[in-house]
Amino acid sequence: MPKQKTHRASAKRFKKTATGQLTRHHAYTRHRFHGKTVKQRRQLRKGTLVSSADRGRYRQMLSQVK
């Protein structure tokens, strides 16, 4: 059976933390900032962790990433 390949698009978007969790960037940060509050824009700058419901699916796609 062939080896499972890493999903390259996911590998570029998600990073593993030291504790094995996955980090991601927020959506809605590319344009149209005039409709967002300053607080919302500031909070969208930071990264966040992938939710526990999605974590298993992303780990499978990133199985080859160290």
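The values are calculated or read from the model by the stated rules, or taken from the named source; none is laboratory data. Since the structure is predicted, the reported quantities are computational estimates derived from the model, not experimental observations. Here the Cβ positions follow ideal geometry from the backbone for every residue, glycine too, while neighbour counts run over all protein chains shown.
Which of the residues belonging to the stretch 33-56 are assigned to a helix (DSSP H, G or I) and either surrounded by 11 or more Cβ atoms within 10 Å (Cβ to Cβ) or touching a Cys at 6+ places or on another chain (Cβ under 6 Å) (or both)?
Scanning the stretch 33-56 gives Phe33, Gln40, Arg41, Gln43, Leu44, Asp54, Arg55.
Taking every residue in the stretch 1-21 that is within 16 Å of Arg57 (Cβ to Cβ) and pairing it with any residue that is of a type in the set (Lys, Arg) and surrounded by 10 or more Cβ atoms within 10 Å (Cβ to Cβ), at least 6 positions away or on another chain, the pairs with Cβ-Cβ distances below 7 Å are Arg13/Arg24; Phe14/Arg24.
Which members of the stretch 21-32 meet the condition of being out of contact with any strand residue (DSSP E or B) (no Cβ under 9 Å at 6 or more places or on another chain) and either surrounded by 10 or more Cβ atoms within 10 Å (Cβ to Cβ) or closer than 15 Å to Leu49 by Cβ (or both)? Answer for the stretch 21-32, where residues must be out of contact with any strand residue (DSSP E or B) (no Cβ under 9 Å at 6 or more places or on another chain) and either surrounded by 10 or more Cβ atoms within 10 Å (Cβ to Cβ) or closer than 15 Å to Leu49 by Cβ (or both): Ala27, Tyr28, Thr29. Across the stretch 24-47, the qualifying residues are those that are modelled with pLDDT of 95 or more and of a type in the set (S, T, N, Q), and the one among them that is farthest from the chain's Cα centre (by Cα) is Thr37. Annotation: of all residues in the stretch 1-17 being closer than 16 Å to Thr48 by Cβ and in a loop (DSSP other than H, G, I, E, B), the one that is farthest from the chain's Cα centre (by Cα) is Thr17.
Figure legend. Inter-residue proximity from the stretch 26-50: first residues on the phi > 0 side of the Ramachandran plot, second residues outside any helix (DSSP H, G or I) and not hydroxyl-bearing (Ser, Thr, Tyr), beta-carbon distance below 8 Å, spacing 6+ or different chains. Indicated pairs: Tyr28/Lys36.
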